[in-house]
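Take a look at the structure below.
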Amino acid sequence: MNTALVLVGGCALVTAAVKVAGPIALGGRVVPAAFTAIVLLLAPALLAALVVTQALADDGRLAVGADTAGVITGGLVAVRSGSVVAAVVAAAAVAAGLRAATGQ
Amino acid sequence: MAVAIGLLGVSFGVVAQQAGLSSLLALTMSALVFSGSAQFTAVAIVAGGGGVGAAIAGAALMNSRYLPMGVAIAPWLPGGPLRRALQGLVVVDASWALALRDDGSFDRWLMFGCSAIQYVAWTVGTAVGASAGGLLEDPAALGLDAAYPAFFLALLPRGRVHTLGEDRRTARRCDCRGSFRSHRLVCLS
């Protein structure tokens with residue numbers, strides 16, 4: 001089978017499996033408040049890990065580069081303006097500008 | 001939010017096209033997977049010479065955050081297992097946060113609506129990016145690799161300074177709610 005098709009199908013299946021696991025396993029049961037409090041904090045923690053790895057990981061090693069500067073700028077813009085669009089555009093603009101300036 | 005998702009969709013379309021996926025496959029991936037972090041990761045692994053198994057495993061790892069999100073929203077999804085599973089498929093980061101009410105419950109219809117708008121923006125953006133991707137020599141020159149982490153950074157709840165003298169547990173709860181309230185403002189921007 002075509003490798004690209006396996007990639008798309010596999011990603012779709014694992015994503016669906018992860019998304020439906022909670023609703024199917026728990027059903028309509030109400031979970032304890034303490035458990036919910038922990039669970040609510042897990043998603044932001046995983047998102048934070050995602051941001052750090054994507055901003056710093058570079059071919060299996062940690063590296064600070066134009067993309068790192070862009071992400072930091074995007075974060076600052078998000079905090080200052082509260083706009084996701086502005087954060088995304090600022091991040092891309094800074095990363096692109098630094099690469100153009102340094103010839104990378 | 002839809003504008004940001006659309007821009008990221010364009011970014012994914014460009015990256016996928018540059019990685020060797022056809023426009024149709026890139027669009028199919030966005031339509032079926034509907035998870036930017038997983039899609040970017042899988043495509044990056046394959047483009048870097050990794051195997052399909054590693055790419056799928058990477059996508060699963062990226063999507064592991066949907067497990068606690070699904071657990072949190074499960075009590076507010078009615079119906080039998082199949083109906084709950086279909087509703088669980090709609091969960092994405094921004095709509096999940098938007099649907100979280102101040103009392104810890106979820107407005108599932110708000111989540112469905114927000115996800116539907118994001119779905120259209122994501123797939124249309126991917127189609128545009130995949131179509132235009134061939135025109136770009138180097139997507140990194142546009143800083144597209146910084147856009148997606150910045151998007152997640154903007155989504156992250158902002159910390160609040162706990163009020164002195166408050167009960168620690170109450171302060172923590174307020175912190176969590178306040179954070180997600182600001183999260184909602186971000187979603188509506």
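No value in this document is a laboratory result; all are computed from the given coordinates. Keep in mind it's a predicted model, so treat the numbers as computed, not measured. Neighbour counts run over all protein chains shown; Cβ positions are idealised from the backbone, glycine included.
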Please enumerate the residues belonging to segment B:30-54 that are under 18 Å from the mean Cα position of the chain (by Cα) and free of Cβ contacts under 8 Å to residues at least 40 places away in the same chain. B:L32, B:V33, B:A38, B:Q39, B:T41, B:A42, B:V43, B:A44
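Listed here are the residues, each with its yes/no results for (1) assigned to a helix (DSSP H, G or I); (2) buried (at least 22 other Cβ atoms within 10 Å of the Cβ).
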{"position": "B:V3", "(1), (2)": "yes, no"}
{"position": "B:S11", "(1), (2)": "yes, yes"}
{"position": "B:L21", "(1), (2)": "no, yes"}
{"position": "B:M29", "(1), (2)": "yes, yes"}
{"position": "B:L32", "(1), (2)": "yes, no"}
{"position": "B:A38", "(1), (2)": "yes, yes"}
{"position": "B:A44", "(1), (2)": "yes, no"}
{"position": "B:G50", "(1), (2)": "no, no"}
Residue count, segment A:50-100 (criterion: touching a Leu at 6+ places or on another chain (Cβ under 9 Å) and not in a helix (DSSP H, G or I)): 5
Here the qualifying pairs (Cβ atoms under 9 Å; residues six or more apart or on different chains; first in segment B:74-91 and at the interface with chain A (Cβ under 8 Å from one of its Cβ atoms); second among the hydroxyl-bearing types (S, T, Y)) come out as B:P75/A:T36; B:P75/B:S105; B:G88/B:Y66; B:L89/A:T15; B:V91/B:Y66; B:V91/B:S115
How many residues are crowded, with 18+ Cβ neighbours inside 10 Å and hydrophobic (A, V, I, L, M, F, W, C) when one looks only at segment A:49-83? 9
Index of the failed condition, A:V30 passing every other in (1) in a helix (DSSP H, G or I); (2) of a type in the set (V, I, T); (3) within 7 Å of another protein chain (Cβ to nearest Cβ): (1)
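Residue-by-condition table, conditions (1) buried (at least 16 other Cβ atoms within 10 Å of the Cβ); (2) facing chain B (nearest Cβ under 7 Å):
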| position | (1), (2) |
| --- | --- |
| A:L5 | no, no |
| A:P23 | yes, yes |
| A:L47 | yes, yes |
| A:V85 | yes, yes |
| A:V89 | yes, no |
